[in-house]
1. If I filter the stretch 10-20 for residues that are small (Gly, Ala, Ser), in contact (Cβ under 8 Å) with a residue 60 or more places away in the chain and part of a helix (DSSP H, G or I), do I get at least one hit?
2. So, ALA101, is that one among the hydrophobic types (A, V, I, L, M, F, W, C), in contact with a Gly (Cβ under 7 Å, 6 or more places away or on another chain) and open to solvent by 40 Å² or more (accessible area, probe 1.4 Å) or not?
3. Specify which of the listed residues (SER33, SER22) is within 28 Å of HIS190 (Cα to Cα), polar (S, T, N, Q) and surrounded by fewer than 20 Cβ atoms within 10 Å (Cβ to Cβ).
4. Inspect all residues belonging to the stretch 61-74 and state whether any of them is in a loop (DSSP other than H, G, I, E, B) and touching a residue at least 60 places away in the same chain (Cβ under 8 Å).
5. Within the stretch 6-19, how many residues are open to solvent by less than 70 Å² (accessible area, probe 1.4 Å) and of a type outside the set (A, V, I, L, M, F, W, C)?
6. Right, ALA86: touching a Cys at 6+ places or on another chain (Cβ under 8 Å), in a helix (DSSP H, G or I), at pLDDT 95 or above and small (Gly, Ala, Ser) or not?
7. Evaluate the following for THR58: is it closer than 21 Å to ALA10 by Cα, out of contact with any His (no Cβ under 9 Å at 6 or more places or on another chain) and of a type in the set (Val, Ile, Thr)?
Amino acid sequence: MNAAIWERHARARIAAGDLHRSPGPSRFVWTCSDTGDPGPALLGDIAGRRVVELGCGTGDNLAHLVDHCGARGLGIDAAPSQIRRAQARWPHLDVQVTGAARYLLTAAEPIDVCYSVFGAVGLTPALPLIALIRRRLTPGGLLAFSVRSTDRQRATPATPEACIHWHAHPPATWTRLLSRHGFVDIRVRHADSDLSPHTLIITARADPDW
């Protein structure tokens, strides 16, 4: 359902001439506001690392990691027109049309860093996605994501025709889910601002002994 909403959004942007606009300099943000945003530093040294974004959209974040941080990046998105926008903006990026769960079930190469910025983590049920990510991460590999914080699913306007459905949880629930499925060093940051209310940025590492 959410993929269909983003597909309609992307098609509307393409119809408005998005494919012919320059994206400008790339930048990496976790929130809707620059205020207090930790940026790519949260991922540590990722030069030469295999980095996968679940729900890459237009690819702006991934382009920054590849161009400025030296990551070996892959972006996936279930909406074909979002990938079309990413390819137009950043022709050098490796991006694919596929769902997060399907990619994680079929990927052959281990992942050093897996991240999501209001992407697949939060737009799909936390399980089995968290378990699938853990299976693909290298020992000690990093999972990082920004999500809405709430104790229930929320729906927010995305288009006049439909709403985005968020699978959002309070910090304690995310911590419990990650801990139960092989993650350690779990850290939850609140990144609330006027433009990013109820936003969490969460990092966790794959337990090498799990």
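1. Yes, some residue in the stretch 10-20 is small (Gly, Ala, Ser), in contact (Cβ under 8 Å) with a residue 60 or more places away in the chain and part of a helix (DSSP H, G or I).
2. So ALA101 does not fit the description; no.
3. SER33
4. no
5. Count: 4.
6. Values: touching a Cys at 6+ places or on another chain (Cβ under 8 Å): yes; in a helix (DSSP H, G or I): yes; at pLDDT 95 or above: yes; small (Gly, Ala, Ser): yes.
Yes, satisfied.
7. Working: closer than 21 Å to ALA10 by Cα: yes; out of contact with any His (no Cβ under 9 Å at 6 or more places or on another chain): yes; of a type in the set (Val, Ile, Thr): yes.
Yes, satisfied.
Listed here are the residues, each with its yes/no results for (1) within 30 Å of HIS20 (Cβ to Cβ); (2) surrounded by fewer than 21 Cβ atoms within 10 Å (Cβ to Cβ).
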site	(1), (2)
ASN61	yes, no
ARG84	yes, yes
ILE111	no, no
LEU129	no, no
GLY140	no, yes
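The values are calculated or read from the model by the stated rules, or taken from the named source; none is laboratory data. Every value quoted in this text rests on a predicted model; they were computed, and no experiment measured them. When we count neighbours, we look across all protein chains shown, and the Cβ atoms used for this are built from the backbone with ideal geometry, even at glycine. In case anyone asks, the SASA skips ligands and DNA or RNA and just uses the protein heavy atoms, side chains included. Shrake-Rupley method; radii C 1.70, N 1.55, O 1.52, S 1.80 Å.
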